[in-house]
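Participant: The structure under discussion is supplied below as structure tokens; questions concerning it will follow.
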Amino acid sequence: MTQEQKQLVTATVPVLREHGVLLTTHFYNRMFTHNPELKHVFNMGNQQNGKQQTALAMAVLAYAEHIENPAVLMPVVNSIGHKHTSLDIRPEHYAIVGNHLLASISEVLGDAATPELMDAWAAAYQQLAAIMTGHEQGLYAKQVSKNAGWTGWKPFIVQQKVKESSEITSFYLYPADGGAVADFLPGQYISLRLFLPELNLLQPRQYSISCAPNGKYYRISVKREAGAVHPDGLISNRLHDHIQEGDRVELSAPAGTFTLNENTSRPKVFISGGVGQTPLMAMLEALTGAPANTPITWVHGCRNEAVHAFKNQLNELADTYSQLNHHIFYDQPEVPAQHTGWVDLAAIREDVLQADADYYICGPAPFIARHYGFLVENGVDTGSIHFEEFGPASLQLNN
């Protein structure tokens with residue numbers, strides 16, 4: 001890109017701040033109209049709830065803001081790259097997206113979309129696509145270099161279906177070819193793809209792996225979405241209602257950047273809300289099964305005992321692993337609870353605020369923001385706080 005082109009892209013930042021979601025909404029409508037086959041690739045639930053449009057608008061804005069030095073965006077590029085490889089996004093998809101994105105910019109801006117501005121954005125997109133596809137090529141290469149590794153979609157068999165609570169059920173997924181499963185880092189997710197008759201579409205959804213690496217199977221633990229009549233909950237509810245032991249599903253290889261740092265014996269503090277505990281369960285199982293006796297504090301909140309998944313497993317681990325301390329909050333308890341109300345870190349600050357601890361938070365965006373804020377306000381370094389928001393990212397807490 002020339003310096004003049006970079007200046008033209010930077011000049012669009014105020015427009016993107018104010019109208020970015022309008023632009024990305026127009027873009028997705030345009031792309032799915034002209035290339036409906038991509039509805040099988042994208043999560044249409046996130047299209048209906050607006051999360052994907054917002055996430056893309058934030059990404060385009062961040063890129064425009066840092067067009068002089070896009071290298072500062074590599075952590076974001078890495079996270080998006082993991083999402084893309086889990087959905088089997090390939091370079092040819094970037095060409096389609098680029099065509100529709102540039103056309104959308106022109107259509108939304110109207111007369112303001114001068115030939116010079118469009119040339120600048122075309123050069124900017126080519127640069128971004130080169131960065132992304134190059135990074136994703138490296139991620140794909142790492143996947144196939146693993147024992148039993150693969151890219152794309154691979155058939156797995158549901159060998160066990162275990163009810164963990166009134167809302168959450170675990171699915172034990174074994175390779176259909178009877179072989180081993182590729183290793184993963186505790187905290188990573190897999191994408192699962194099913195055909196939805198309601199939409200006449202193949203649809204992917206990403207689920208955290210809820211067990212430690214074992215070489216034999218992946219376990220996902222899925223919450224039933226009550227009253228879900230839109231795509232956001234259709235895959236989860238179809239797993240609950242229609243997928244039985246012996247059925248076949250398709251998975252992509254494990255991906256994700258929200259992972260346990262196993263190279264340090266620093267204390268670990270896990271903070272979760274609802275089904276947000278699933279990636280943290282993988283981390284907990286990995287730590288308690290390792291030789292190192294790492295101090296662990298487990299903080300979890302949910303409505304009540306009936307919906308509390310992995311309650312018995314947690315108690316068993318606490319009985320056998322002396323360094324595990326846990327706090328459970330029920331905001332609608334039906335029987336006396338250890339803690340009543342929403343998760344309140346201030347009420348257990350002596351256990352939570354530890355010198356040199358690593359913090360892992362997972363749950364809805366407001367849950368993460370609240371507890372992240374508490375930790376920072378109490379002197380915890382932001383580099384020690386790791387979080388994952390389910391769905392397209394909307395939080396930018398440690399930027």
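Participant: Which whole-Hz ³J(HN,Hα) couplings does the stretch 379-385 yield from phi under the Karplus relation 6.51 cos²θ - 1.76 cosθ + 1.60, θ = phi - 60°, glycine and proline marked x?
Facilitator: Running phi through 6.51 cos²θ - 1.76 cosθ + 1.60 with θ = phi - 60° gives x, 6, 5, 4, x, 9, 10 Hz.
Participant: Using θ = phi - 60° and the Karplus form 6.51 cos²θ - 1.76 cosθ + 1.60, what ³J(HN,Hα) does each residue of the stretch 154-161 get, whole Hz, x for Gly and Pro?
Facilitator: The phi angles translate into 10, x, 10, 10, 7, 8, 9, 10 Hz.
Participant: In degrees from 0 to 90, rounded to the nearest 10, what is the angle of the helix 13-34 Cα long axis to the longest principal axis of the chain?
Facilitator: 90 degrees
Participant: So, one more: Would you pull out the residues with amide H under 5 Å of ASP247's amide H, same chain only if 5 or more places away, H placed 1.01 Å from N?
Facilitator: Under 5 Å from the amide H of ASP247 lie the amide H atoms of VAL158, each far enough along the sequence or on another chain.
Participant: Still on this structure: Determine the gain in length on full extension of the stretch SER166-PHE195; use 0.36 nm per residue of separation and subtract their C-alpha separation, reporting nm with one decimal.
Facilitator: 7.9 nm
Participant: Output needed: percent of Cα pairs per 5 Å distance bin for the stretch 154-251, bins running from 0 to the one holding the longest distance.
Facilitator: 2, 13, 24, 27, 19, 10, 4, 0
Participant: Please work out the C-alpha center-to-center distance from the stretch 34-58 to the stretch 124-146 and express it in whole Å.
Facilitator: The two parts, judged by their Cα centres, are 21 Å apart.
Participant: Which one, THR12, THR114, THR85, has the greatest fluctuation when you compute a Gaussian network model over the chain with C-alpha springs under 10 angstrom?
Facilitator: Judging by the Gaussian network model, the answer is THR114.
Participant: Where is the GNM fluctuation largest for the chain (alpha-carbon springs, 10 angstrom cutoff): SER208, SER191, SER79?
Facilitator: Largest GNM mean-square fluctuation: SER79.
Participant: Given LYS142/LYS311; LYS6/LYS146; LYS51/LYS154; LYS223/LYS268; LYS216/LYS311, which pairs have Cα atoms separated by over 31 Å?
Facilitator: LYS142/LYS311; LYS6/LYS146
Participant: Could you compute Rg(Cα) / (2.2 N^0.38 Å) for the stretch 3-145, with N its residue count?
Facilitator: Rg over 2.2 N^0.38 Å, computed on Cα atoms: 1.03.
Participant: Moving to a separate point now. Hey, what angle do you get for helix 365-377 against the long axis of the chain, alpha-carbon based, 0 to 90 degrees rounded to 10?
Facilitator: For helix 365-377, the angle is close to 80 degrees.
Participant: Among LEU56, LEU22, LEU234, determine the one that fluctuates most according to a GNM of the chain built with springs between C-alpha atoms less than 10 Å apart.
Facilitator: So, out of LEU56, LEU22, LEU234, the one fluctuating most is LEU22.
Participant: Quick one: net charge around ASN261, please, counting Lys, Arg +1 and Asp, Glu -1 for every other residue with C-beta under 13 Å from its C-beta.
Facilitator: -1
Participant: If each residue's Cβ is checked for other Cβ atoms within 10 Å, how do SER265, SER165, SER221 rank with the fewest at the top?
Facilitator: Ascending number of Cβ neighbours within 10 Å: SER265, SER165, SER221.
Participant: Please give, to one decimal in nm, the separation of the simple spin-label points placed at GLN323 and ASN69, each 7 Å out from Cα toward the Cβ.
Facilitator: 3.9 nm
Participant: Tell me, what is the FRET efficiency for ASN35 and ASN261 to the nearest 0.05, using R0 = 35 angstrom and their Cβ-Cβ distance as r?
Facilitator: Using R0 = 35 Å, I get an efficiency of 0.30.
Participant: Another question, then. Based only on other Cβ atoms within 10 Å, what is the fewest-to-most ordering of VAL15, VAL181? Let's see the in-between values first.
Facilitator: On the way: VAL15 17, VAL181 26.
Fewest-to-most Cβ neighbours within 10 Å comes out as VAL15, VAL181.
Participant: Under a straight-distance cross-link criterion of Cα-Cα below 20 Å, which aspartates and glutamates are reachable from LYS83, leaving out those fewer than 8 residues away in the same chain?
Facilitator: Counting by Cα, and skipping residues close in sequence, LYS83 has these aspartates and glutamates nearby: GLU37, GLU92, GLU136, ASP183, ASP232, GLU250, GLU388, GLU389.
Participant: Hey, another quick one. Could you tell me which label, among (1) 45; (2) 23; (3) 16, carries the value of percent of Cα pairs over 38 Å apart calculated for this structure?
Facilitator: (2)
Participant: All other residues with a Cβ under 15 Å from the Cβ of HIS386 taken together, and with Lys, Arg as +1 and Asp, Glu as -1, what is their net charge?
Facilitator: -4
Participant: With just the Cα atoms defining each centre, how far is the stretch 235-277 from the stretch 81-120? Give it in Å.
Facilitator: Cα centroid of the stretch 235-277 versus Cα centroid of the stretch 81-120: 32 Å apart.
Participant: Now, a different point. Calculate how steeply helix 277-288 sits against the longest principal axis of the alpha-carbon atoms of the chain, using the helix alpha-carbon long axis, and give the answer as 0 to 90 degrees to the nearest 10.
Facilitator: 60 degrees
Participant: For the chain, which span is the longest to avoid every loop-located (per DSSP) member of GluC sites (Glu not before Pro) having at most 13 other Cβ atoms inside 10 Å?
Facilitator: My reading of the result: 69-197 is the longest stretch.
Participant: Right, another one. With N set to the number of residues, divide the alpha-carbon radius of gyration of the stretch 268-389 by 2.2 N^0.38 Å and report two decimals.
Facilitator: That works out to 0.99 for the stretch 268-389.
Participant: Something else now. Do the sum for the chain: with -39,500 (n - 2.57) for every DSSP H run of n ≥ 4, divided by all residues, what is the mean residue ellipticity at 222 nm, to the nearest 500 deg cm²/dmol?
Facilitator: Details: 12 runs with 164 residues, N = 399.
Rounded to the nearest 500, it is -13000 deg cm²/dmol.
Participant: Could you work out how far apart the two model spin labels at ALA337 and ASN99 are, taking each label as a point 7 Å from the Cα in the direction of the beta carbon, and quote it in nm?
Facilitator: Result for the modelled spin labels: 5.3 nm.
Participant: Which order results if SER104, SER322 are arranged by neighbouring Cβ count within 10 Å, fewest first?
Facilitator: SER322, SER104
All of the numbers you see were taken from the coordinates with simple rules; none came from a lab. Remember, predicted model here, so these are calculated numbers, not experimental data. Positions of Cβ are generated from backbone atoms using ideal geometry, with glycine treated the same way; all protein chains shown enter the neighbour counts.
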